[in-house]
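One structure is given here, and the rest of the page talks about it.
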Number of protein chains: 2
Amino acid sequence: MRCRKCGEKAAINMRQHKLALCAPHFLEWIPEQTERFIEKYHMFTSKEKILVAVSGGKNSLSLWDVLNRLGYNADGLYIGLGIDGGIAYSAKSQHLAESFAEAHGLHLLVHDVTQHEGASMPAAARLTQRGRGKPCSLCGVTKRHIMNSTALEGKYDVLATGHNLDDEAAILFGNTLNWSVGYLARQAPVLPASEDGLVRKAKPFCRLYERETAAYALLRGIEYIYEECPHAEGSTSIYHKELLNRMEADRPGVKLSFYLAFLRAKEMGTFAEGARSELNALRTCPRCGQPTTVPGLCTFCRTWESIRERQAGHDRND
Amino acid sequence: MRCRKCGEKAAINMRQHKLALCAPHFLEWIPEQTERFIEKYHMFTSKEKILVAVSGGKNSLSLWDVLNRLGYNADGLYIGLGIDGGIAYSAKSQHLAESFAEAHGLHLLVHDVTQHEGASMPAAARLTQRGRGKPCSLCGVTKRHIMNSTALEGKYDVLATGHNLDDEAAILFGNTLNWSVGYLARQAPVLPASEDGLVRKAKPFCRLYERETAAYALLRGIEYIYEECPHAEGSTSIYHKELLNRMEADRPGVKLSFYLAFLRAKEMGTFAEGARSELNALRTCPRCGQPTTVPGLCTFCRTWESIRERQAGHDRND
């Protein structure tokens, strides 16, 4: 297999794009594609202040690297969840994020959940009904809240996350199986800021396969954490990813065509009703001031209040 | 495993419904469920004249049997496609349909494609671009046309087909992967008649698993053709059924919840736009007078005209 651009030996063959490239041309192609998606979906401009959510994994570190190479003004945010899982998961990923920032002269904000919220994510998960059944759900609520509040406090114009096509297709697949019209209405390459205090969110890698972001990290020599989060095992999103991988093996390109056809259907106004009903329902949390769809405290404040109360109860009983 | 109703040995365990039943109670349960869906979705009443599309398979013969047991006034329509496939597929299925009609004193209309349209379905498929790639597509167009025109000519109020939940979920899955909003808008347990000449269509088995209709046929002693159509092998719909079967094995009930959630999303008006744009585009075929979405001859008339022309050309060259 030869590189389409120079005829040298190809480093990667992307069947879904009918495109093979050598390492140098692939390392050019990824930023070109990313820039194309940033412009196509009006994600942000080079004059804006970007906060990249950095987990220490291949997607987020590659995204930060690409944005930096493209000349964007992007700081990083690492959220310390206090996960060990026998592999020092959080310590290791924080170290990798910090090393990357230092090596590239980039600014990394660190938010430690144990320090700020009062418990590590695994300890918190054990203390709630929601967390015991689905730790990923509690973790998602927590991370989304912290990302939004950090972006607001730091006056960032936009929050960028490393979600790739495999992530987006799996989320879409799950929301489609349930026909969650409200979620379908809100899934997009970019979500505009809301007047109520939701910062703009962008996913510049939403059309890149996970295989492509992984190859980019490897070929660029980016050190990232290989392990999946130990708590994600058996999660629905991983199950949906496996199903989509089987389908992709049978029909190369099906993930991309599924996602792009969905975006076209949305443009036609298919989920407009779902979007309207969701937006009408937004309220303001009386504690943190962030928008919420539930009356009273938002899910983040309510859940963490109960976690701290239970933790205090546990400590008294010890 | 015991029957939920009488405690006798169960003949079938339906994990998706958390329900086990003995043979007699299962044979009561299927018509009860069918009656419930007929009423819930306003499919038809006992005063109306029903035409059941009968293929000789488990679904259509079971449906005809159930409608007859429930006291509906239902004739059958068998469409002879002239398929042999080494197993005398059409001859065998026609014989089974005719035997069933005779044994139950029911009226069966027979439409032979070779006789009326001028070529058997396999011969026609070989003569068209569309048919060579996808014989099921040409066959679908042909059967839909014949079912509609036969129902109109016979002044039937409604056309009933044996589509079960596995069929509906697979169709839905395919249309979702492509986000074919027009098709999604038109997929429903019942489609009302249109002023332009589309007869009302109903799928009374749309919420019954294939496994349930097969068990019904077996336990009722209905003789049906076991083989799938020899031309359907490798079709996309069978591929999607296999995927859904794997998902159902991992999560019993997922097919049903997928389909029901879709119906709820539709009720919320999710695909209203798609439905409107499809309906606006309906025209009348100048040859057969049936509605069509394309200008000029409808797909059926256009395709069969070209098949007859090519066949005449072949005959001259022989």
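The values are calculated or read from the model by the stated rules, or taken from the named source; none is laboratory data. Just so it is clear, the structure is predicted and the values come from calculations on it, not from any experiment. Positions of Cβ are backbone-derived with ideal geometry, glycine not excepted, and every protein chain shown enters the neighbour counts. SASA here: full protein model, heavy atoms, side chains in, ligands and nucleic acids out. Shrake-Rupley method; radii C 1.70, N 1.55, O 1.52, S 1.80 Å.
When restricted to residues that are under 18 Å from A:H145 (Cβ atoms) and either crowded, with 23+ Cβ neighbours inside 10 Å or among the hydroxyl-bearing types (S, T, Y) (or both), region A:164-198 contains 2. Note on region A:203-299: enclosed helices (runs of 4 or more DSSP H) holding 1 or more residues that are more than 26 Å from A:S90 (Cα to Cα) and within 14 Å of chain B (Cβ to nearest Cβ) are A:236-250, A:254-267, A:272-280.
Would you check which residues across region A:146-156 are within 24 Å of A:G56 (Cβ to Cβ) and open to solvent by 10 Å² or more (accessible area, probe 1.4 Å) and list them?
Result: A:M147, A:S149, A:T150, A:L152, A:E153, A:G154, A:Y156.
The one condition from (1) more than 11 Å from every other protein chain (Cβ to nearest Cβ); (2) surrounded by fewer than 16 Cβ atoms within 10 Å (Cβ to Cβ); (3) free of Cβ contacts under 8 Å to residues at least 24 places away in the same chain; (4) not in a helix (DSSP H, G or I) that A:E305 does not meet is (4).
Do we have any residue at all in region A:108-125 that's open to solvent by 70 Å² or more (accessible area, probe 1.4 Å) and more than 21 Å from the chain's Cα centre (by Cα)? Yes, region A:108-125 contains a residue that is open to solvent by 70 Å² or more (accessible area, probe 1.4 Å) and more than 21 Å from the chain's Cα centre (by Cα).
Restricting the search to helices (runs of 4 or more DSSP H) fully inside region A:104-195 and requiring at least 2 residues that are within 14 Å of chain B (Cβ to nearest Cβ), in contact (Cβ under 8 Å) with a residue 12 or more places away in the chain and out of contact with any strand residue (DSSP E or B) (no Cβ under 9 Å at 6 or more places or on another chain) gives A:165-177, A:181-186. Checking each residue in region B:215-229 for being open to solvent by less than 40 Å² (accessible area, probe 1.4 Å) and closer than 21 Å to B:E98 by Cβ picks out B:Y216, B:A217, B:I222, B:Y224, B:I225, B:C229.
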